[in-house]
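Below is one structure, written out as structure tokens; the observations come after it.
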Amino acid sequence: MGEMEQLRKEAESLKDEITAARKAVQDLTLQDHVAGTAVVGRVQLKTRKTLRGHLSKIYAVHWGDSKLCVSASQDGKLIVWDSYTTNKVHAIPLKSSWVMTCAYAPSGNMVACGGLDNMCSIYNLKGKDGNVKVMRELAAHTGYLSCCRFLNDNEIITSSGDCTCVLWDIETGSQKTVFAGHLGDCMSLGVAPDFNTFISGACDFTAKLWDIRDGQCRQTFGGHESDINAIGFFPNGNAVITGSDDASCKLYDLRSDQELITYQDSGIMCGVTSLAPSLSGRLILAGYDDFNCNIWDSLKAERVGVLSGHDNRVSCIGVTPDGMACCTGSWDSFLKIWN
Amino acid sequence: MARDMSDKEILKMELEQLKLEVNTPRIAVSTTAPEIIAFVEGKSAEDPLIRGVPEDKNPFKEKGGCIIT
């Protein structure tokens with residue numbers, strides 16, 4: 001009991017030191033620098049395509065390139081869509097319908113998904129006979145799979161309700177590295193543009209930056225007042241955006257190790273479910289529990305647009321690699337493409 | 001994993017991590033903010049969602065009816 005007290009005191013003292021060190025480099029704020037910048041003009045995007053086919057809530061969507069995307073629904077299917085034509089390229093039946101995430105490999109050769117089965121299943125899209133089959137089932141997490149992202153055709157990173165993230169070797173099905181440190185369910189992850197690091201957001205209200213190769217947590221960002229549900233890298237790789245149940249999104253700067261802006265509005269009282277930056281990073285598109293998607297000017301922290309059209313929660317959102325459109329997925333079972 | 005650890009083990013893990021993070025190199029916001037802003041402003045002009053996508057260049061445009069040329 002004496003030791004616990006001592007450990008707690010040491011931790012508090014280190015936290016104070018970190019807070020002071022962050023303050024020490026905050027010689028100016030981002031707001032100071034953009035005081036003279038005009039807010040970006042009103043952004044009015046239209047639904048260009050509606051992807052119909054799922055029979056239940058959509059939980060995740062991920063772009064493979066700027067045309068093909070994969071979506072996961074609790075109707076027990078993964079669907080790969082040609083978003084230009086709305087054709088379904090593949091409709092993959094899943095062993096477990098309780099899917100929470102999906103991912104497209106950068107090569108376009110594979111997709112992955114997982115959820116309450118605690119596993120990450122990898123599917124080969126380019127099998128010899130044309131059938132899409134399970135290639136690997138990555139099992140070791142002791143909690144649900146909340147998110148997964150491929151590094152390449154042989155490596156994938158997963159985040160889990162068991163509070164860890166894992167780097168897997170797909171060929172052998174083994175865990176290469178376990179990233180432990182979060183004190184709550186890991187809800188989302190994002191890989192850096194240079195593939196050297198990744199970020200995770202969790203129910204302990206923090207975001208962590210991890211070194212993929214040595215397994216170390218390099219930085220931890222607090223400030224949110226509830227679970228972080230969504231996380232992504234800013235396009236320059238030097239900042240991170242998070243979305244939380246506390247109804248706000250935040251921009252954290254990696255190099256000064258601190259929060260630079262909060263995107264919130266007294267009129268928004270529901271949680272953020274998903275987010276994605278536009279190509280330049282000037283816009284942040286965030287999906288909310290109130291069925292809408294708000295578009296934020298990332299520098300001025302003002303709302304500059306709304307995507308409304310779904311009849312239920314917007315659960316996932318993604319912007320194409322070429323920045324030409326964004327896709328929203330909803331519990332109303334539809335995906336919409338906007339630009 | 002945090003679920004299987006005792007409170008003391010969790011505290012020790014947190015402490016080890018804090019000791020690492022205290023030494024994180026931190027660059028002044030007056031340096032990093034302008035770089036973020038320059039990156040964003042440099043690319044905004046070409047950002048399709050800001051600039052708008054012309055009808056004839058939009059791969060997602062709705063299929064129209066007959067076009068008489």
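The values are calculated or read from the model by the stated rules, or taken from the named source; none is laboratory data. Not measured: the values here are computed from a predicted model. Cβ atoms come from the backbone with ideal geometry, glycine included; neighbour counts cover every protein chain shown.
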- Query: In the range A:18-27, what count of residues is obtained for those that are surrounded by 14 or more Cβ atoms within 10 Å (Cβ to Cβ) and farther than 30 Å from A:Ser280 by Cβ?
  - Reply: 2
- Query: Quick one: which of A:Asp227, A:Asp257, A:Asp204 is within 14 Å of chain B (Cβ to nearest Cβ) and on the phi < 0 side of the Ramachandran plot?
  - Reply: A:Asp204
- Message: Return the residues of the range A:33-52 that are over 24 Å from the mean Cα position of the chain (by Cα), in contact (Cβ under 8 Å) with a residue 24 or more places away in the chain and at the interface with chain B (Cβ under 7 Å from one of its Cβ atoms); say none if nothing qualifies.
- Response: A:Val34, A:Val40
- Task: Give me a count of the residues in the range A:148-201 that are surrounded by fewer than 17 Cβ atoms within 10 Å (Cβ to Cβ), within 16 Å of the chain's Cα centre (by Cα) and either within 13 Å of chain B (Cβ to nearest Cβ) or assigned to a strand (DSSP E or B) (or both).
- Result: 1
- Message: When you check A:Ser315 against the structure, is it more than 26 Å from A:Asp211 (Cα to Cα), touching a strand residue (DSSP E or B) at 6+ places or on another chain (Cβ under 8 Å) and either more than 9 Å from every other protein chain (Cβ to nearest Cβ) or free of Cβ contacts under 8 Å to residues at least 40 places away in the same chain (or both), yes or no?
- Response: yes
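Restricting the range A:115-129 to residues that are touching a residue at least 40 places away in the same chain (Cβ under 8 Å) and part of a loop (DSSP other than H, G, I, E, B), which is nearest to A:Cys147 (Cα to Cα)?
A:Asn118
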- Of all residues in the range A:120-147, which are buried (at least 23 other Cβ atoms within 10 Å of the Cβ) and closer than 14 Å to A:Leu94 by Cβ? A:Cys120, A:Ser121, A:Ile122, A:Tyr123, A:Leu145
- Message: Quick check on this structure: which one of A:Leu78, A:Leu68, A:Leu55, A:Leu30 is buried (at least 17 other Cβ atoms within 10 Å of the Cβ) and in contact (Cβ under 8 Å) with a residue 60 or more places away in the chain?
- Response: A:Leu30
- Does the range B:1-50 hold any residues that are among the hydrophobic types (A, V, I, L, M, F, W, C), at the interface with chain A (Cβ under 7 Å from one of its Cβ atoms) and assigned to a loop (DSSP other than H, G, I, E, B), and which are they? B:Met1, B:Ile27, B:Ala28
- Counting only strands (runs of 3 or more DSSP E) entirely within the range A:8-114, those with at least 1 residues that are closer than 22 Å to A:Val191 by Cα and out of contact with any Leu (no Cβ under 8 Å at 6 or more places or on another chain) are A:58-63, A:68-73, A:99-104
- Top-ranked residue of the range B:12-27 - restricted to ones that are of a type in the set (A, V, I, L, M) and out of contact with any Leu (no Cβ under 8 Å at 6 or more places or on another chain), ranked as modelled with the lowest pLDDT: B:Met13
